[in-house]
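All remarks here apply to the structure that follows.
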Amino acid sequence: MQRYFIPESQFGADRVLITGDDAHHLLRVMRAESGDEVIVSDGKGKDALVRITVIGKNEAEGEIVDALPVSGEPAVDVWVAQSLPKGDKLETVIQKGTEVGALRFLPFLSERTVVQYDEKKEAKRLDRWREIAKEAAEQAHRSVIPEVEAPLSWKELLKLIPETDLALICYEKESGQQLRAVMSGTKERLSGKGKPRILIAIGPEGGFTEKEVAEAEAAGCRSVGLGSRILRTETAALVALACILYEFGEMGG
């Protein structure tokens, strides 16, 4: 069944209002008619089965038939901190990461980031990143749209570590601790914290510097490896995310 995310302000006690691009898709693409049913969510965990009752030129109204249980949300909150990569790679990370189950995306600038940061351009890109997260959440039938933050500095990212229950930094030169071993050793402890928060930091195309790894560890991060093969930055983000969710039984058991 088709799913749409709408602002909380358009989500009433017994009725909803669908406008903008969502209304265009519902009315022009899906050719919805009065009486058709869709799932509507506020993007924060509130889902409802809605029956379309009024169709306007650029909007549609519907009555809430039933409140639905939250579905598609993992039992662990994973924050993907991704150093800004070249081209549209971050779009891939956000789209696929949303489908897999990430809750939050934290783009950041690191020493080897090659992208020339332009605040004005990034503001436009941020809108696009958030729209990609919304569309991917609809496609994946999630109840929550992941947050996509404006790019952070390295120091700003490190300041977020105390807000998490576990923070990991993926480092290709890490020969000791591998991600699976760390997760296996900490899963039981984290499971006792209700819904744990895990941050996974991924470096740019050139990787993290030794200085950055040391700073991350000093701030509370654990350095982990992702195996013996060198992964592209966008691949590393998705592999790490999937591995963490797998350890929590979120990848089909």
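Report yes if Ala237 is among the aliphatic types (A, V, I, L, M), assigned by TED's automatic domain parsing to the domain that holds Ala81 and surrounded by fewer than 21 Cβ atoms within 10 Å (Cβ to Cβ), otherwise no.
no
Which ones in region 92-135 are touching a residue at least 60 places away in the same chain (Cβ under 8 Å), outside any loop (DSSP other than H, G, I, E, B) and among the hydroxyl-bearing types (Ser, Thr, Tyr)?
Thr92
Exactly one of these conditions fails for Cys221: (1) surrounded by 13 or more Cβ atoms within 10 Å (Cβ to Cβ); (2) of a type outside the set (Lys, Arg); (3) farther than 30 Å from Val114 by Cα. Give me its number.
Failing condition for Cys221: (3).
Within region 205-231, how many residues are at pLDDT 95 or above and among the basic types (Lys, Arg)?
Qualifying residue count, region 205-231: 2.
With respect to Glu63, is the statement that it is of a type in the set (D, E, K, R), assigned to a loop (DSSP other than H, G, I, E, B) and touching an Asp or Glu at 6+ places or on another chain (Cβ under 8 Å) true?
No; evaluated as a whole, the condition is false for this residue.
Residues are listed down the side, and each one gets a yes or a no for (1) free of Cβ contacts under 8 Å to residues at least 60 places away in the same chain; (2) out of contact with any strand residue (DSSP E or B) (no Cβ under 8 Å at 6 or more places or on another chain); (3) of a type in the set (Gly, Ala, Ser); (4) outside the structural domain of Pro204 (by TED's automatic domain parsing):
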residue	(1), (2), (3), (4)
Ala23	yes, no, yes, yes
Arg31	yes, yes, no, yes
Asp36	yes, no, no, yes
Gly87	yes, yes, yes, no
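Looking only at region 66-91, how many residues end up being part of a loop (DSSP other than H, G, I, E, B), surrounded by 19 or more Cβ atoms within 10 Å (Cβ to Cβ) and among the acidic types (Asp, Glu)?
Adding up the residues that qualify gives 0.
Kindly establish whether Pro85 is over 25 Å from Ile161 (Cβ atoms) and over 15 Å from the mean Cα position of the chain (by Cα).
Spelling it out, it is not the case that Pro85 is over 25 Å from Ile161 (Cβ atoms) and over 15 Å from the mean Cα position of the chain (by Cα).
If I ask for residues that are in contact with a Pro (Cβ under 7 Å, 6 or more places away or on another chain) and aliphatic (A, V, I, L, M), which ones from region 79-99 would you list?
Leu84, Leu90
Here are Ala32, Ala23: which of them is more than 20 Å from Ala140 (Cβ to Cβ), within 27 Å of the chain's Cα centre (by Cα), outside any strand (DSSP E or B) and not β-branched (Val, Ile, Thr)?
Ala23
Return yes or no: is Thr53 in the same structural domain as Gly192 (by TED's automatic domain parsing) and either modelled with pLDDT under 90 or not in a loop (DSSP other than H, G, I, E, B) (or both)?
no
Pairs only if they're at least six apart or on different chains, beta carbon under 7 angstrom, first in region 183-211 and without any contact (Cβ under 8 Å) to a residue 40 or more places away in the chain and assigned by TED's automatic domain parsing to the domain that holds Ala236, second assigned to a loop (DSSP other than H, G, I, E, B) and surrounded by fewer than 21 Cβ atoms within 10 Å (Cβ to Cβ); list them, first residue then second.
Within 7 Å, the pairs are Lys193/Asp165.
Quick check on my filter: what residues within region 136-149 are surrounded by fewer than 17 Cβ atoms within 10 Å (Cβ to Cβ) and either modelled with pLDDT of 95 or more or assigned by TED's automatic domain parsing to the domain that holds Gly45 (or both)?
If the condition is that a residue be surrounded by fewer than 17 Cβ atoms within 10 Å (Cβ to Cβ) and either modelled with pLDDT of 95 or more or assigned by TED's automatic domain parsing to the domain that holds Gly45 (or both), then Glu147 is the only one that fits.
The values are calculated or read from the model by the stated rules, or taken from the named source; none is laboratory data. Note that the structure is predicted; figures quoted are calculated from it, not measured. Please note: Cβ atoms are built from the backbone with ideal geometry, for glycine as well, and neighbour counts cover all protein chains shown.
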